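See structure below.
The values are calculated or read from the model by the stated rules, or taken from the named source; none is laboratory data. If you're wondering where the values come from, they're calculated on a predicted model, not measured in any experiment. In this analysis, Cβ positions are derived from the backbone assuming ideal geometry, glycine residues included, and neighbour counts consider all displayed protein chains.
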Amino acid sequence: MQKTVKLRVKRQDGPSQPSYWQEFGVPWQPHMNVISALMEIQKNPVTSAGKRVPPVVWECSCLEEVCGACTMIINGRVRQSCSAMVDRIAPNGRTVTLEPMSKFSVVRDLVVDRSSMFDALKRVRAWIDLDGSHELGPGPRQSQSDQEVTYSLSRCMTCGCCLEACPQVNGGSSFIGPASISLVRLYNLHPSGRMHADERLDAVMGAGGVEECGKAQNCVEACPKEIPLVDSISAVGREATKRMLFGWLLK
Amino acid sequence: MGSDTSRARSDSTRVRRVIVVGGGLAGLMTVIRLCEADVPVDLVSLVPVKRSHSVCAQGGINASVNTKGEGDSPQVHLEETAYGGDFLANQPPIKAMCDAAPGIVEMLDRMGVPFNRTPEGLLDFRRFGGSLFHRTAFAGATTGQQILYALDEQVRRWETIDVENDRGERVPGEKMVRKLEWWDFLSLILDDDGICRGIVAQDLKTMAIRALRGEAVCLATGGPAIVFGRSTNSVINTGTAASAAHQQGACYANGEFVQVHPTAIPGADKLRLISESVRGEGGRVWVPRDRREQRPGRDVPESARDYFLEEKYPGYGNLVPRDIASRELFRKCFHDKRGVYDAKSGNNENEVYLDVTHLPADLLRKKLAGVLEIYEKFAGEDPYTNPMRVFPAVHYSMGGLWVDYERSAAGSVVVGSPRNQATNVPGLYAAGECEYQYHGANRLGANSLLSCLWGGMVAGPAIAAYRRNVAKSAWDLPSSMFEKAEKRAAREFDAVLGMEGDENPYALHQELGETMLVDCTIERHNATLDRVLAKIEEVAERSSRVGVTDSAKGKMNQGAQYVRHLKNMIVLARLVAQGARNRDESRGAHYKPDFAQREDADWLRTTLAIHVPGATGMHDSIRYVRSLDYSILGAPVRATDEVDVSLVKPRARKYETAGAASATGNPGAVPASSANTEKD
């Protein structure tokens, strides 16, 4: 007999419209992930109640957990839907529940607008101040152990899992969130990035900055790339405190 | 922002922007080079640029820096690239790219890409296919992601920098880069002389359609692998923009050359890539000698394993180029039925082992963790202790939009010439996988990131030169022209919203993809290709009878967008299949068992395809030409299908012997003293 995967999806027709739930059943396939289940809905967009509806709208791109696009809340937990394998998250025919992330505004169904995260990268100046892309010889030498640290921080996909999991990121706060603070650490570790370390620290001092971390440590649990976000927040917090206390001495 | 972050770039109050479509490596590099040339840019991208397909590139980027003292040089890189591509690529652009490669990797290093390091703190390099040299710089096994992020950050910096007019005054509210993310390219805007003056694009959040003026347009929109249904590519790689530009007059070249990567994980939604770098670091491909071997891979003793690539190609072993490796894997599984045996199904599955279990766990963790993690997450097995099971998958298009170059006397390319990366539509440029220029009949691993970056580095100055000299600005043309284009696109979109046929576009695409995947990839037969072509016509006909799955107006509508992409994919499918049907020889990725030899006399030439508007059916909609006349800045240019092989003379391509791919093909073949000379 053909096995069926049951999906319960929180839908919303557009920004600031009411949300509602719909259920779907799609044929099971080996190695099936949430994305391929959603693709089956596209081929036959009919609910379990037999109603023809527009297919569920969601965002995805790479399907191998390096682009960050397909992040959503699956069975109550924020994660990428490409790496959510149906047999593992819903064994024995249990229902898969899909919701959009709650810390961003909904565009439609499971698609949310995360442009605030990219804006935050502007605020913290998450880049090296390059003289230009012309040939200027090799960059500064770096040790293997430094590379291991910077590489682990540089894998952030701006997916938003850490913001979704963070209790301090909410409607009532302006907390910039773990992802961009961790990038402050990354760029301040780089030998040329360090030359502009103070500008990045200034960007995360004061309202909405690193001080507003409540140390719940949910971020590091939620991060799909195991980025040491709590360490980053501590490191940047220490540097920011130093700058606040002694920065004026250096002026 | 102080005046130090502002630079002069515009006359009077008009900001004469250039449009770059696509925010992967090629697009972002083009943007950076344009900004550095004081040209403000509209960057239009289907997805937030940080989610572009470049993130999927795993293994690394080639540059003959020769830090291992092997005697590697850009000349060897050029020779191996030309040979690897079976001599179908024009050689001056390859030479220019290979000469620039060490500088490009050093630039990325300065941008903060966390490349792996040697104990001395220098960039580390590893081996890749088609070469015996350590030439590939890498950041773990997520190199494309890391390079994309570095460029994304640089472009974000340009987003904060003000545009200035030619008197040095800031233009209020105008930044050097304006990003339009989640916008879909619909069409070019061509004036009465056929010159490209802008584009029509659609905001996918609201489905609003807008005409954008541009002094020039550069497509950097990636490859078309989704035409084959499942592939190693991101779902956004439908090739829609390149297809649309082709249908408006841009020549499409070498469409039949599609790379199949030997090692991917089969999946329901995607065939996930397992990077060539796994073999570059010592991974080995094998199948059990016993066709009915029941033991799990890790329990099969050495003596019972058939390392078939190493046996047949002792010179290059597991690192033969991808076309060759894919054919061997296919032969093993499909013809010899020697794939991994599954006791449950009683079948020899279409899978071979890719084994890293003999390598030290520490090396794997430091150099390959990113890709092994993908295997673990998606195949549900630990690759550190179990040989991975893989099969070939469609990966990359060598073919794409035809682009020009200006050859220098020294056999390289004149950087700054407006002809570089120019399509035959005046004012339209292309860079990255959407164009055909650098890889001939087969791309070498880790050359794609390089060609994307180099393409952007050349396109930027070329477009800046074009913009400087263009006789008439797009801002001097009547707005009615742009309004007309906008209205036409809106009418077309409304028509899609009203489609009520009984065909589901997603199911139709699946049918097209399966045909293309099964019958138009590793082995091609003319009789089968005729059936593929008939199937494409059938799909084309049925695509006019689809029912749009979503008729919502004024908000994100992926269903309607998909109908458009499907139509454009059908056009690309024709270019692949008809090109393959016509080319009766075997060269690189294009292999016909009935025509197993390379035929230089007849086929050492570029396939040039022109779209015939209004035609119905295969034979009418493509016109193949031997030469191409176009004009740039009023000057006529004639290009032909002849391939410039002036730098590396074509010879038979064989990887059985070590070092066959270049004149000095063996590392250490030159004395260490001369190998240590500075690159210049």
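Below, the figures for the structure above:
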quantity: The one condition in (1) out of contact with any helix residue (DSSP H, G or I) (no Cβ under 6 Å at 6 or more places or on another chain); (2) under 30 Å from A:V184 (Cβ atoms); (3) within 14 Å of chain A (Cβ to nearest Cβ) that B:T206 fails to fulfil; calculated: (2)
quantity: The listed residue being away from chain A (no Cβ under 14 Å), touching a residue at least 24 places away in the same chain (Cβ under 8 Å), assigned to a strand (DSSP E or B) and aromatic (F, W, Y), out of B:Y429, B:Y405; calculated: B:Y429
quantity: Hits in region A:92-116 - residues which are facing chain B (nearest Cβ under 9 Å) and under 20 Å from B:D152 (Cβ atoms); calculated: A:D113, A:R114, A:S115
quantity: Sole residue being under 24 Å from B:L219 (Cα atoms) and touching a helix residue (DSSP H, G or I) at 6+ places or on another chain (Cβ under 8 Å), chosen from B:V44, B:V113, B:V65, B:V21; calculated: B:V21
quantity: B:A100 being over 21 Å from B:A325 (Cα atoms), at the interface with chain A (Cβ under 9 Å from one of its Cβ atoms), touching a Phe, Trp or Tyr at 6+ places or on another chain (Cβ under 8 Å) and crowded, with 24+ Cβ neighbours inside 10 Å; calculated: no
quantity: Single residue of region B:139-186 satisfying the filter (closer than 15 Å to A:D129 by Cβ and either touching a Ser or Thr at 6+ places or on another chain (Cβ under 6 Å) or of a type in the set (F, W, Y) (or both)) that is surrounded by the fewest Cβ atoms within 10 Å (Cβ to Cβ); calculated: B:I161
quantity: Residue tally, condition aliphatic (A, V, I, L, M) and at the interface with another protein chain (Cβ under 9 Å from one of its Cβ atoms), over region B:133-148; calculated: 1
quantity: Residues satisfying the stated conditions in region B:264-321, i.e. assigned to a helix (DSSP H, G or I) and either touching a residue at least 40 places away in the same chain (Cβ under 8 Å) or outside the structural domain of B:E351 (by TED's automatic domain parsing) (or both); calculated: B:S277, B:V278, B:R279, B:G280, B:G297, B:R298, B:K312, B:L319
quantity: Residue match in region B:419-435 (condition: crowded, with 22+ Cβ neighbours inside 10 Å and in contact with a His (Cβ under 9 Å, 6 or more places away or on another chain)); calculated: yes
quantity: Search result, residues across region A:51-92 that are over 12 Å from the mean Cα position of the chain (by Cα) and under 14 Å from A:K225 (Cβ atoms); calculated: A:C62, A:E64, A:C82, A:S83
quantity: Long-range neighbours under 8 Å by Cβ, at least six apart or interchain, first residue within 17 Å of B:P593 (Cα to Cα) within region B:526-539, second modelled with pLDDT under 95 and surrounded by fewer than 19 Cβ atoms within 10 Å (Cβ to Cβ); calculated: none
quantity: Condition broken by A:W28, with the remaining ones in (1) among the aromatic types (F, W, Y); (2) under 21 Å from B:A507 (Cα atoms); (3) away from chain B (no Cβ under 13 Å) satisfied; calculated: (3)
quantity: Matching residues in region B:147-198 - criterion: being of a type in the set (A, V, I, L, M) and in contact with a helix residue (DSSP H, G or I) (Cβ under 8 Å, 6 or more places away or on another chain); calculated: B:I147, B:L148, B:A150, B:L151, B:V155, B:I161, B:M176, B:V177, B:L186, B:L188, B:I189
quantity: Breaking point among (1) more than 14 Å from every other protein chain (Cβ to nearest Cβ); (2) in a helix (DSSP H, G or I), for A:G171; calculated: (2)
quantity: Unmet criterion (only one of (1) within 12 Å of chain A (Cβ to nearest Cβ); (2) of a type in the set (V, I, T); (3) surrounded by fewer than 19 Cβ atoms within 10 Å (Cβ to Cβ)) for B:T549; calculated: (3)
quantity: Residues of region A:45-61 classified as at the interface with chain B (Cβ under 7 Å from one of its Cβ atoms) and out of contact with any Ser or Thr (no Cβ under 6 Å at 6 or more places or on another chain), total; calculated: 3
quantity: Residue in region A:192-207 that is surrounded by 23 or more Cβ atoms within 10 Å (Cβ to Cβ), within 14 Å of chain B (Cβ to nearest Cβ) and of a type in the set (S, T, Y) present; calculated: no
quantity: Flag for A:S152 being more than 8 Å from every other protein chain (Cβ to nearest Cβ) and surrounded by fewer than 23 Cβ atoms within 10 Å (Cβ to Cβ); calculated: yes
quantity: Any hit, region B:58-71, residues being part of a helix (DSSP H, G or I) and among the acidic types (D, E); calculated: no
quantity: Pairs, first closer than 12 Å to B:T357 by Cβ in region B:375-396, second among the basic types (K, R) and surrounded by fewer than 23 Cβ atoms within 10 Å (Cβ to Cβ), C-beta under 7 Å, six or more apart; calculated: B:T385/B:R298; B:N386/B:R298; B:P387/B:R298
quantity: Residue under evaluation B:E381, criteria (1) assigned to a loop (DSSP other than H, G, I, E, B); (2) touching a Lys or Arg at 6+ places or on another chain (Cβ under 7 Å); (3) surrounded by 13 or more Cβ atoms within 10 Å (Cβ to Cβ), criterion not met; calculated: (2)
quantity: Selection status of A:L163, surrounded by 22 or more Cβ atoms within 10 Å (Cβ to Cβ), within 12 Å of chain B (Cβ to nearest Cβ) and outside any loop (DSSP other than H, G, I, E, B); calculated: no
quantity: Residues located in region A:64-88, provided they are without any contact (Cβ under 8 Å) to a residue 40 or more places away in the chain and over 17 Å from A:L163 (Cβ atoms); calculated: A:E64, A:N75, A:R88
quantity: Residue that is farthest from B:H246 (Cα to Cα) [pool: residues in region B:571-612 that are over 19 Å from the mean Cα position of the chain (by Cα) and among the β-branched types (V, I, T)]; calculated: B:V612
quantity: Pair list, Cβ < 8 Å and 6+ apart or interchain, from region B:620-631 residues that are under 17 Å from B:T607 (Cβ atoms) to residues that are part of a helix (DSSP H, G or I) and aliphatic (A, V, I, L, M); calculated: B:S621/B:V571; B:I622/B:L575
quantity: Answer residue from region B:53-78, given it is hydrophobic (A, V, I, L, M, F, W, C) and either within 14 Å of chain A (Cβ to nearest Cβ) or closer than 30 Å to B:G239 by Cα (or both) and is surrounded by the fewest Cβ atoms within 10 Å (Cβ to Cβ) among those; calculated: B:V65
quantity: Test for A:I35: is it at the interface with chain B (Cβ under 9 Å from one of its Cβ atoms), modelled with pLDDT of 95 or more and in contact with a Cys (Cβ under 6 Å, 6 or more places away or on another chain); calculated: yes
quantity: Region B:47-72: number of residues that are among the basic types (K, R) and touching a His at 6+ places or on another chain (Cβ under 9 Å); calculated: 1
